[in-house]
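The values are calculated or read from the model by the stated rules, or taken from the named source; none is laboratory data. Quick caveat, the model's predicted, so the values are computed rather than measured. Every residue, glycine among them, receives a Cβ derived from its backbone with ideal geometry; neighbour counts consider all protein chains shown. Just so you know, the surface numbers come from the protein's heavy atoms only, side chains and all, with ligands and any DNA or RNA stripped out. Shrake-Rupley method; radii C 1.70, N 1.55, O 1.52, S 1.80 Å.
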Amino acid sequence: MTNPPLDILLCAPRGFCAGVVRAIDAVEKALTLHGAPVYVRHEIVHNKYVVESLRRKGAVFVRELEEIPDGDAPVIFSAHGVPQSVPEAAAARNLFAIDATCPLVTKVHREAQVHHKRGRHIILIGHRGHPEVIGTMGQLPHGAVTLVETVDDIARLSVSDAQSLAFVTQTTLSVDDTQEMVETLKARFPAIVGPHKEDICYATTNRQGAVKKVAPLVDAMIVVGSPNSSNSQRLREVAEREGCPVVRLILRAEDIDWNLFGSIRRLGITAGASAPEILVEEIIDAFAERYAVSVESVSTADESVFFPLPRELREQAAE
Ligand code: 0CN
Ligand code: SF4
């Protein structure tokens with residue numbers, strides 16, 4: 001029996017962004033320069049495969065600095081950023097800290113700090129409990145930032161001075177939802193200041209754009225990524241909202257529920273910013289065992305962003 005035909009449409013861009021490449025490279029460089037163990041606070045990026053492969057090379061992942069013994073081993077802060085209390089605690093203990101916060105997250109931290117200095121109360125659009133939100137709120141004293149997650153939250157906001165307000169956003173949000181929230185904020189508080197559009201990063205924007213193009217063309221869509229990855233979850237949402245009948249966010253090929261993909265003719269695949277390309281290839285190979293696949297890339301944007309390693313590592317590498 002011959003395998004049925006299947007057209008695979010690969011979203012481009014997909015997968016690793018410049019901030020993720022930099023954060024993973026930072027852990028690898030620290031291992032080369034210092035040897036194991038290298039401590040990493042939080043998953044360096046939200047992907048189990050990445051975390052496990054770094055663990056095998058000698059990285060030790062911890063939730064908090066308290067888990068790290070005193071000594072010379074470096075500690076790396078994840079791409080999502082940390083509250084200011086974290087580098088402060090590391091300095092107090094003389095730990096060698098390497099900050100792998102994505103420069104585009106750090107940019108949002110700086111914006112918030114500037115608004116605060118100018119006397120503005122800050123509205124942060126983001127998801128409660130996400131490490132990036134905890135990190136951004138933790139740049140400023142308690143009470144300086146109010147988190148809003150929905151349009152309803154904005155309707156319920158009570159502010160002391162509507163004339164001195166600013167907004168910033170998480171970098172990995174839904175472009176469409178955030179636009180609606182920014183419009184709602186501006187309608188309620190016409191004097192509010194903020195970025196030109198929002199603070200969603202180029203990688204998040206471009207990956208959602210590619211899914212918008214592909215999702216209406218396919219019978220099913222796979223998003224490669226972790227459930228705790230905000231930008232990956234947003235890709236799943238975009239595909240669902242485009243009306244794609246079957247959309248699944250999966251970590252890797254072994255998670256494919258083959259019952260869902262029985263009679264499809266066209267499949268879209270994308271990957272979150274923290275999902276390695278090898279897992280996309282693994283999934284294509286799994287489909288190629290059951291279907292006569294043809295693979296086509298659908299590109300909606302070119303990316304050439306590159307971030308150099310964190311300063312602490314560049315300085316050491318130069319020595
Ligand atoms: O999946 P990630 O590790 O993080 P979120 O999408 O959950 O923020 O991807 C890297 C993004 C950053 C910062
Ligand atoms: Fe930076 Fe965006 Fe990548 Fe997050 S998703 S690490 S903000 S480039």
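Given C-alpha coordinates of the stretch 221-282, what is the ratio Rg to Rh with the Kirkwood estimate of Rh?
Values: Rg = 11.0 Å, Rh = 11.7 Å.
Rg/Rh for the stretch 221-282 comes to 0.94.
The Cα center of the stretch 136-158 and the Cα center of the stretch 42-107 differ in position by 26 Å. When the inverse distances between all different Cα atoms of the stretch 104-188 are averaged and flipped, the Kirkwood radius reads 12.9 angstrom. Accessible area per residue for the chain is 46 Å², calculated with a 1.4 Å probe on protein heavy atoms, without ligands, DNA or RNA.
What does the net charge come to around Asp285 if you take all other residues with beta carbon closer than 15 Å to its beta carbon, with K and R at +1 and D and E at -1?
Values: positive: Arg252, Arg290; negative: Glu254, Asp255, Glu277, Glu281, Glu282, Glu289.
Once positives and negatives cancel, what remains is -4.
For the chain, the dipole from Cβ point charges (+1 on Lys and Arg, -1 on Asp and Glu) about the Cα centre works out to 540 debye, to the nearest 20. Using +1 at the C-beta of Lys and Arg and -1 at the C-beta of Asp and Glu, which of Ile76, Val151, Pro5 has the Cα lying farthest in the positive direction of the dipole of the chain? So the residue furthest toward the plus end is Val151. Here's how it looks for Met221: its modeled amide H is under 5 Å from those of Val246, Val247, Arg248, Gly268, which are all 5 or more places away or on a different chain.
For the stretch 18-102, the relative contact order comes to 34 percent (Cα pairs under 8 Å, sequence separation of at least 6). Between Val62 and Val40, Arg41, His42, the built amide H atoms are under 5 Å apart, and every one of these is 5 or more places off in sequence or on another chain. Let me have the relative contact order for the chain, percent, based on Cα pairs under 8 Å that are six or more residues apart. With pairs under 8 Å counted, the relative contact order is 27 percent.
Here the dipole of the stretch 194-288 is about 400 debye; that uses its Cα centre as origin and unit charges on the Cβ of Lys and Arg (positive) and Asp and Glu (negative). Rounded to the nearest 20, the size of the Cβ-charge dipole of the stretch 104-188 about its Cα centre is 480 debye, with Lys and Arg at +1 and Asp and Glu at -1. With a Cα cut-off of under 27 Å and a minimum spacing of 8 residues unless on different chains, the lysine pairs in the chain number 15.
Please compute, over every Cα-Cα pair in the chain, the percentage with a separation greater than 27 angstrom.
Values: 24620 of 50721 pairs.
Tail of the P(r) past 27 Å holds 49 percent of the pairs.
Across the stretch 300-311, computed HN-Hα scalar couplings (Karplus, 6.51 cos²θ - 1.76 cosθ + 1.60, θ = phi - 60°) run 10, 7, 9, 10, 9, 6, 9, 10, x, 4, x, 3 Hz from first to last residue, x flagging Gly and Pro.
When the Cα positions of Ile122, Ala162, Pro141 are compared along the charge dipole of the stretch 104-188, Pro141 comes out farthest toward the positive end, with charges on each C-beta of Lys, Arg, Asp and Glu.
Rg then Dmax, both in Å and based on the Cα atoms of the stretch 18-102: 11.5, 33.
What ranking do 26-33, 72-79, 142-149 get when scored by the average of other Cβ atoms within 10 Å per residue, highest first? Let's see the in-between values first.
Numbers: 26-33: 19.9, 72-79: 22.5, 142-149: 15.4.
Highest to lowest by the protection proxy: 72-79, 26-33, 142-149.
Quick one: net charge of Phe61's neighbours, Cβ under 13 Å, K/R +1, D/E -1? Please list the in-between numbers first.
Values: positive: Arg41, Lys48, Arg55, Arg56, Lys57, Arg63; negative: Glu43, Glu52, Glu64, Glu67.
So the surrounding residues net to +2.
Provide the net charge surrounding Glu242, with neighbours chosen by a C-beta distance below 13 Å and charges set as Lys +1, Arg +1, Asp -1, Glu -1.
+1
Rounded to the nearest whole Hz, the Karplus-based 3J(HN,Hα) values (6.51 cos²θ - 1.76 cosθ + 1.60, θ = phi - 60°) of the stretch 105-117 follow the sequence 7, 4, 4, 5, 4, 5, 4, 4, 5, 5, 4, 4, 4, with x at glycine and proline.
A cut-off of 5 Å between modelled amide H atoms, ignoring neighbours fewer than 5 places along the same chain, links Leu6 with Ala292, Val293, Ser294. With the charge dipole of the stretch 18-102 set up from +1 on Lys and Arg Cβ and -1 on Asp and Glu Cβ about the Cα centre, the Cα lying farthest toward the positive end among the listed residues Ala91, Val21, Val62 is that of Val21.
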